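The values are calculated or read from the model by the stated rules, or taken from the named source; none is laboratory data. Keep in mind it's a predicted model, so treat the numbers as computed, not measured. Using ideal geometry, Cβ is built from the backbone for each residue, glycine included, and neighbour counts are taken over all protein chains shown. Each accessible area value is taken on the protein alone, full model and side chains, heavy atoms only, with ligands, DNA and RNA left out. Shrake-Rupley method; radii C 1.70, N 1.55, O 1.52, S 1.80 Å.
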Amino acid sequence: MNSGPPDSTLLRPLSHPLWRSLSHFHLLIAFLIGSLFGPNAISLAEEMFPFVIPGLKRPSEKSIVNMSWLNEAPAGKHGFLSVRDGHFVDERGERVQFLATNMTFGSCFPDHETADKLAPRLASLGINCVRFHHMDNASAPRGIWKARSEKKNEFDPQQLDRLDYFIAALKRHGIYTNLNLHVSRNYWEGEDFPDGLSSEERRELLPRYGKGIDKINDQMMRMQRDYAQQLLAHVNPYTKNSYATEPAVAIVELNNENSLLRLKVESLPEYYRAEILKKWNTWLSEHYATEEKLIAAWGAREELGADLLPAQITFQGGKYFDLSQGKEKEANEIRVQLKQRPEVAWHAQLQWQAVPLEEGKLYTVEFSGRSDQARELPLSTRLSKEDYHNCGLSEKVRLTPDWQSFSFSFRARQTEPEAVRLDFIIGAGPIGDFEIKDLTLRPGGSLGLQTSESLSARNIDGGESRMGTPRGVDWTRFLADTERHYNDEMRQLLQKELGVRANIIDSQASYGDIVGTYRESRNDFVDMHAYWQHPSFPGRPWDSNHWFIRNTPMTADQKMGNLWNLAIYRVDGLPFTVSEYDHPAPNHYSAEMFPMIASFAAAQDWDGLFQFDWGGTGWDQQKIGGYFALQQHPAKLAFLPAAALMMRRGDVSPAAGSARLDIPVEAVTSLTAERVSMSKTWLDAGIRPEDILSKRLSLRFVESDRIELKTEAGNTPPQIRWDTQAAIYSVDAPAAKVVVGRCTDKTTELDEVQFVVEPNPRSFAALALNAMDGKVISQSQRLLLTAVGNVENTDMVWNDDHTSLGRRWGTAPTICESIQATVSLNTQMRSTKVYALDGTGERIAEVPANISEGKLVFTIGTPFQTLWYELVGE
């Protein structure tokens with residue numbers, strides 16, 4: 001692998017943009033105005049300038065921001081990638097790490113002219129892999145299915161040609177491919193299903209895209225095999241290889257964000273529920289030869305006692321609904337009319353307080369219910385004071401216009417005297433009426449076989465309402481066994497029948513949590529997804545009018561944001577990737593994304609980081625195109641060169657310390673059935689979030705009888721630091737210096753480098769100084785400084801608390817906040833030029849700089865209207 005880019009010897013003619021100066025005094029006044037008068041005043045006080053990083057135009061070969069030299073071309077030049085010593089390697093044994101993005105929907109199918117521009121543009125950003133995602137969702141031009149066809153079951157020839165040409169173009173520029181099989185195809189749009197449901201009923205009653213069901217339903221699994229055969233056996237005419245035998249195809253994912261363990265079987269339509277219960281009963285018969293053995297394993301029934309619920313109902317969010325109770329013979333009937341949906345469902349609920357539950361004892365809740373229209377009604381027992389933890393019951397019923405009876409048994413846990421309540425969450429909607437009657441909560445019941453159930457009759461219901469019990473553990477084991485069987489069958493198809501040479505996973509490890517991670521430990525690598533403050537949609541999913549984000553920086557998160565929740569899933573001995581990661585727009589602090597995740601991935605020694613996603617087909621629209629779009633987002637694009645150097649070149653070293661968690665294989669199912677999370681397992685073992693700064697985390701599944709933690713202390717200090725109280729994240733590596741977060745109005749001292757950042761309206765900035773030749777900062781002759789704050793589109797219109805734009809995303813061009821800072825660094829250079837760069841990486845102005853006694857000092861900010869600065873020794 002090359003250690004540095006080509007030298008830059010040509011100085012482009014300098015242009016002279018209109019400078020807009022802002023004195024330190026005026027900047028402070030603007031800051032005070034923003035503090036006094038709130039978010040709207042803040043946006044007015046910011047010094048913003050237009051700065052567009054093109055979507056298709058790549059920098060010149062000599063530009064400091066052109067990272068193409070990191071890619072060896074063509075991709076797959078040295079053979080197929082495989083796994084050795086926990087990492088991806090080519091056939092020479094050389095390690096390959098991915099800095100990547102996702103193409104989704106129509107962006108997977110650019111025309112040939114666009115593909116010829118886009119492939120080198122991606123390479124110039126340091127990207128060396130593209131994940132093809134949501135190809136299976138729609139008909140052409142947004143998807144791979146044939147246009148104007150009644151069924152989505154045949155590839156569109158033009159779309160397939162565009163895909164082939166694009167993948168071939170990527171290969172030529174050293175960019176690997178990650179192919180996803182099932183992502184978002186609704187199976188019933190491709191074939192008829194004998195479920196007796198209308199299209200509208202399927203949308204209402206079935207999981208979106210058939211998630212979960214498609215790992216157990218025979219017809220859906222066959223359709224997945226057909227799709228895999230059709231895509232992977234296809235020969236790309238531009239590479240002359242099938243996708244199964246293409247060295248540039250590094251990864252194949254079977255089924256995105258999908259686990260059978262997340263499927264709510266009790267809520268499924270009868271056709272699908274009956275099929276699953278039939279397989280469940282077959283599984284039980286294979287594991288328990290007789291009913292006596294089953295009863296012995298699950299436990300006997302306890303007689304029901306007297307009702308413990310108080311007569312009085314309390315409630316929360318009464319403005320959202322009307323409540324009435326029946327009289328005389330209808331005294332046990334409760335009628336609710338939901339008039340308005342709260343933004344958060346639990347803001348409207350019914351409650352029965354001070355239920356006298358005793359720790360560890362068995363209880364049963366029973367009632368009947370109906371609704372004027374289909375509605376889900378969650379119910380639970382929980383503590384009625386901080387921290388409102390669950391006390392044993394957590395269920396969800398689906399009400400219909402017909403009366404139905406429900407019964408749930410559970411063991412009380414984490415109870416306190418006079419402090420447990422039963423609640424029904426009613427705020428999820430829809431608007432309308434529902435009734436419940438004959439509600440009781442009584443001691444006794446059964447968590448095992450019910451009186452109406454028989455192993456010989458094969459009519460035993462599922463165990464999802466019995467989690468944490470022997471029956472619930474068996475139900476979890478059944479789902480996990482079924483899911484692993486699905487995984488094994490699909491791998492068999494791909495590898496043995498189709499000859500796929502790529503690395504294969506089923507789905508993301510957290511889908512199924514500990515069971516899901518064990519499932520993925522049997523594959524070629526482990527993958528995860530994470531988003532910082534993903535947009536929320538309190539009403540209709542993906543409603544572009546009604547959404548919000550919290551809009552706070554991850555640097556200020558006391559629980560260490562996404563980084564802890566990713567690191568805990570790495571499996572020892574396997575590569576680890578994050579195939580979806582983003583700090584979605586319009587977050588004011590999205591500039592923190594790449595400096596943090598790339599340096600952390602390097603410190604944890606991960607193998608792939610895929611931003612989600614590149615964006616739509618507005619290839620050069622010069623504005624931020626949506627929540628996730630990377631292609632025109634200056635705050636994210638500007639830090640890609642720094643990210644590539646820190647992660648792919650290895651400018652940030654792996655943490656010297658380590659922590660490995662050994663989890664017994666025999667405990668995997670019971671931990672999941674008891675809802676013990678991966679995070680809690682690590683915490684209980686003694687690892688805290690702050691340990692991820694100094695220790696590389698991994699886990700193993702072992703043949704032992706107890707969970708065990710093994711740690712090693714490092715003999716060198718960590719190169720990343722995170723003070724969550726001060727909300728400052730920094731990197732102090734020999735060739736990379738980074739500070740991110742609330743570093744304004746402060747001096748950040750790193751080895752050989754000092755950043756003095758002036759106050760700004762949000763007290764936030766992100767700066768990175770990278771030695772392009774890979775040398776220690778003081779010895780480098782060529783460095784790149786990136787400095788970013790808030791980034792927006794022109795004329796974005798925020799709501800009052802800056803948590804939503806609705807559809808008011810603004811227009812081109814993107815505008816950026818000016819970061820005012822003085823940078824000083826030790827240097828062996830005798831003279832240095834500092835240049836401001838434009839969005840294409842070309843020099844536009846010289847920045848005054850001074851070298852004295854081995855120290856270079858210069859000031860950046862408003863006059864230069866840029867996010868990039870180039871330092872060149874002379």
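For segment 565-604, the tally of residues that are in a helix (DSSP H, G or I), of a type outside the set (Val, Ile, Thr) and either over 13 Å from the mean Cα position of the chain (by Cα) or surrounded by 24 or more Cβ atoms within 10 Å (Cβ to Cβ) (or both) stands at 16. The criterion of at least 1 residues that are in contact (Cβ under 8 Å) with a residue 40 or more places away in the chain, β-branched (Val, Ile, Thr) and open to solvent by 20 Å² or more (accessible area, probe 1.4 Å) is met by the following strands (runs of 3 or more DSSP E) wholly inside segment 44-118: 82-84. What are the residues in segment 150-209 that are of a type in the set (Gly, Ala, Ser), outside any loop (DSSP other than H, G, I, E, B) and open to solvent by 50 Å² or more (accessible area, probe 1.4 Å), if any? The one that is of a type in the set (Gly, Ala, Ser), outside any loop (DSSP other than H, G, I, E, B) and open to solvent by 50 Å² or more (accessible area, probe 1.4 Å): SER199. Each residue in segment 496-528 was checked for being surrounded by fewer than 22 Cβ atoms within 10 Å (Cβ to Cβ) and under 16 Å from the mean Cα position of the chain (by Cα), and 0 of them qualify. Regarding PRO717, is this residue open to solvent by 20 Å² or more (accessible area, probe 1.4 Å) and either under 30 Å from GLN781 (Cα atoms) or of a type in the set (Asp, Glu) (or both)? Against the criterion (open to solvent by 20 Å² or more (accessible area, probe 1.4 Å) and either under 30 Å from GLN781 (Cα atoms) or of a type in the set (Asp, Glu) (or both)), PRO717 qualifies. Here ALA556 fulfils each of the conditions (1) at pLDDT 95 or above; (2) crowded, with 20+ Cβ neighbours inside 10 Å; (3) of a type in the set (Gly, Ala, Ser) apart from (2).
Table: residues versus (1) open to solvent by less than 20 Å² (accessible area, probe 1.4 Å); (2) under 20 Å from ALA727 (Cα atoms); (3) β-branched (Val, Ile, Thr); (4) in contact with a Cys (Cβ under 7 Å, 6 or more places away or on another chain).
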residue: VAL740; (1), (2), (3), (4): yes, yes, yes, no
residue: GLU749; (1), (2), (3), (4): no, yes, no, no
residue: VAL757; (1), (2), (3), (4): yes, yes, yes, yes
residue: LEU769; (1), (2), (3), (4): yes, yes, no, no
residue: ASP773; (1), (2), (3), (4): no, no, no, no
residue: ALA787; (1), (2), (3), (4): yes, yes, no, no
residue: ASN790; (1), (2), (3), (4): yes, yes, no, no
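Taken over segment 395-442, the residue count meeting the criterion of being small (Gly, Ala, Ser), within 18 Å of ASN332 (Cα to Cα) and touching a Gly at 6+ places or on another chain (Cβ under 8 Å) is 1. For TYR511, indicate whether it is of a type in the set (Phe, Trp, Tyr) and outside any loop (DSSP other than H, G, I, E, B). Against the criterion (of a type in the set (Phe, Trp, Tyr) and outside any loop (DSSP other than H, G, I, E, B)), TYR511 does not qualify.
Selection of segment 371-405 for residues being in contact with a Pro (Cβ under 9 Å, 6 or more places away or on another chain), assigned to a strand (DSSP E or B) and within 16 Å of GLU266 (Cα to Cα) yields ARG375, SER394, GLU395, LYS396, VAL397.
Scanning segment 696-712 for residues that are of a type in the set (A, V, I, L, M, F, W, C), at pLDDT below 95 and over 24 Å from THR822 (Cβ atoms) turns up nothing.
Listed here are the residues, each with its yes/no results for (1) of a type in the set (Ser, Thr, Tyr); (2) farther than 19 Å from ASP488 by Cα.
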| position | (1), (2) |
| --- | --- |
| LEU179 | no, no |
| TYR209 | yes, yes |
| ASN236 | no, yes |
| ALA244 | no, no |
| ASN255 | no, no |
| ASN258 | no, no |
| LEU261 | no, no |
| GLU266 | no, yes |
| TYR272 | yes, yes |
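If you take the residues of segment 656-694 that are open to solvent by less than 30 Å² (accessible area, probe 1.4 Å), of a type in the set (S, T, N, Q) and more than 24 Å from the chain's Cα centre (by Cα), which of them is farthest from GLU464 (Cα to Cα)? The extreme case among them is SER658.
For segment 313-349, name all the residues that are assigned to a loop (DSSP other than H, G, I, E, B) and without any contact (Cβ under 8 Å) to a residue 12 or more places away in the chain. Within segment 313-349, LYS327, ALA331 meet the criteria. Test MET560 against the stated conditions and say whether it is touching a residue at least 60 places away in the same chain (Cβ under 8 Å) and touching a Pro at 6+ places or on another chain (Cβ under 8 Å). Yes: the conditions hold for MET560. Selection within segment 810-838: residues that are surrounded by fewer than 19 Cβ atoms within 10 Å (Cβ to Cβ) and assigned to a loop (DSSP other than H, G, I, E, B). The member of this set that is nearest to the chain's Cα centre (by Cα) is GLY810. Scan segment 119-149 for residues that are of a type in the set (S, T, N, Q) and open to solvent by 20 Å² or more (accessible area, probe 1.4 Å) and jot them down. Once the filter is applied, which keeps residues that are of a type in the set (S, T, N, Q) and open to solvent by 20 Å² or more (accessible area, probe 1.4 Å), segment 119-149 yields ASN137, SER139, SER149. Within segment 459-473, the set of residues being farther than 14 Å from ILE276 by Cβ, open to solvent by less than 30 Å² (accessible area, probe 1.4 Å) and either free of Cβ contacts under 8 Å to residues at least 24 places away in the same chain or not β-branched (Val, Ile, Thr) (or both) comprises SER465, ARG466, ARG471, GLY472.
Looking only at segment 214-230, residues that are surrounded by 15 or more Cβ atoms within 10 Å (Cβ to Cβ), in a helix (DSSP H, G or I) and in contact with an Asp or Glu (Cβ under 9 Å, 6 or more places away or on another chain) come to 9 in all.
Of all residues in segment 72-92, those satisfying the criterion of being in contact with a Gly (Cβ under 6 Å, 6 or more places away or on another chain) and either over 24 Å from PHE166 (Cα atoms) or aromatic (Phe, Trp, Tyr) (or both) are GLY86, GLU91.
Selection of segment 519-542 for residues being part of a loop (DSSP other than H, G, I, E, B), of a type in the set (D, E, K, R) and modelled with pLDDT of 95 or more yields ARG522, ASP524. Quick check on GLN508: is it closer than 19 Å to ILE216 by Cα and of a type outside the set (A, V, I, L, M, F, W, C)? When the stated conditions are applied, GLN508 passes them. Only residues that are in contact with a strand residue (DSSP E or B) (Cβ under 7 Å, 6 or more places away or on another chain), polar (S, T, N, Q) and assigned to a helix (DSSP H, G or I) were counted across segment 240-297, and they come to 1.
Just so you know, in segment 337-374 the residues that are farther than 22 Å from LEU393 by Cα and of a type in the set (A, V, I, L, M) include one that is most open to solvent (accessible area, probe 1.4 Å), and it is ALA374. Filtering segment 415-446 to residues that are in contact (Cβ under 8 Å) with a residue 40 or more places away in the chain and not in a strand (DSSP E or B) leaves THR415, PRO417, GLU418, ALA419, ILE426, GLY427, ALA428, GLY429, PRO430, ILE431, GLY444, SER446.
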